[in-house]
Amino acid sequence: MAERGFSMIELMVAIAIVAILAAIAWPSYTQWQERDGLKEGVMFLKSAMSAARSHSIQSGLACGCPPGVACTASHVPGGCTSRVYGIRLDTANNRIRLMRFCDSDGEMCTGSTATSATDAGELSQVWSRDLHRYVSFDTASTTSNLVNNGLFFNKAGQVSGSSGSIFLTAGGNRRCLVVSSTGRIREGVPNGSNCN
């Protein structure tokens with residue numbers, strides 16, 4: 001008796017079974033990717049903020065006025081007197097940037113508001129990382145000053161400027177991080193536009 005291969009009907013039935021199983025599994029797989037990407041994004045954002053805070057504490061330089069923050073009389077000009085670190089949220093590209101602010105010409109240490117932080121050599125990117133493809137910043141709920149100016153820390157590890165909440169979203173899921181004025185970073189529970 002000669003051996004034969006599979007018939008066309010047997011192959012079609014096997015392909016149909018595989019297609020049905022894939023159709024059942026696909027939504028669960030997509031939801032898993034969204035949840036996992038959101039979890040990864042929150043962990044990375046928290047670690048980026050912790051790194052910025054740690055670098056600011058380690059630099060130990062007294063003068064520090066990041067973008068949008070009024071300097072006080074205690075800031076002294078000269079050299080790179082200010083070296084503070086922080087994060088910027090690139091909402092257009094879903095990217096987190098670790099930034100270093102170095103006031104090389106002392107203009108931010110004279111008691112005026114730090115408005116020219118983008119002068120050459122003053123605000124520089126240390127590194128950046130893209131969020132997972134399913135994850136984006138929820139700019140409607142995130143504290144507007146954090147979206148516009150970023151989040152910078154002084155040499156004591158405290159927030160220079162506004163503290164607040166940062167929201168991430170993926171599909172129907174949302175997570176948030178709260179940063180207090182003392183520099184404490186914690187994950188919160190989203191409740192509308194609040195992060196408890």
Those residues of region 160-190 which are charged (D, E, K, R), surrounded by fewer than 19 Cβ atoms within 10 Å (Cβ to Cβ) and within 15 Å of the chain's Cα centre (by Cα) amount to Arg174, Arg186, Glu187
Tally time: how many residues in region 149-165 are aliphatic (A, V, I, L, M), in contact (Cβ under 8 Å) with a residue 60 or more places away in the chain and part of a strand (DSSP E or B)? 1
Quick one: which residue in Val76, Val84 is modelled with pLDDT under 60 and not in a helix (DSSP H, G or I)? Val76
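Residue-by-condition table, conditions (1) surrounded by 10 or more Cβ atoms within 10 Å (Cβ to Cβ); (2) without any contact (Cβ under 8 Å) to a residue 40 or more places away in the chain; (3) closer than 30 Å to Gly157 by Cβ:
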site	(1), (2), (3)
Gly5	no, yes, no
Ala23	no, yes, no
Trp26	yes, yes, no
Gln31	yes, no, no
Val42	yes, no, yes
Met49	yes, no, yes
Mind telling me which of the residues Leu98, Leu89, Leu61 ends up being over 21 Å from the mean Cα position of the chain (by Cα) and at pLDDT below 90? Leu61
Boolean, Ser136 is modelled with pLDDT of 85 or more and of a type in the set (Ser, Thr, Tyr): yes
Of the residues in region 166-196, those that are of a type outside the set (Asp, Glu), under 19 Å from Leu89 (Cβ atoms) and not in a loop (DSSP other than H, G, I, E, B) number 18
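Rundown of residues vs (1) at positive phi; (2) of a type in the set (S, T, N, Q), yes/no style:
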| residue | (1), (2) |
| --- | --- |
| Trp127 | no, no |
| Leu131 | no, no |
| Leu146 | no, no |
| Gly150 | yes, no |
| Ser163 | no, yes |
| Val178 | no, no |
| Thr182 | no, yes |
| Cys195 | no, no |
Test for Thr143: is it closer than 15 Å to Leu89 by Cβ and free of Cβ contacts under 8 Å to residues at least 60 places away in the same chain: yes
Exactly one of (1) within 29 Å of Arg129 (Cβ to Cβ); (2) surrounded by 20 or more Cβ atoms within 10 Å (Cβ to Cβ); (3) modelled with pLDDT under 90 is unmet by Cys109. Its number? (1)
Could we say that Ser180 is among the polar types (S, T, N, Q) and modelled with pLDDT of 90 or more here? yes
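The values are calculated or read from the model by the stated rules, or taken from the named source; none is laboratory data. None of the values given here were measured: they were computed from a predicted structure. A quick note on method: Cβ atoms are made from the backbone with ideal geometry, for glycine too, and the neighbour counts reach across all protein chains shown.
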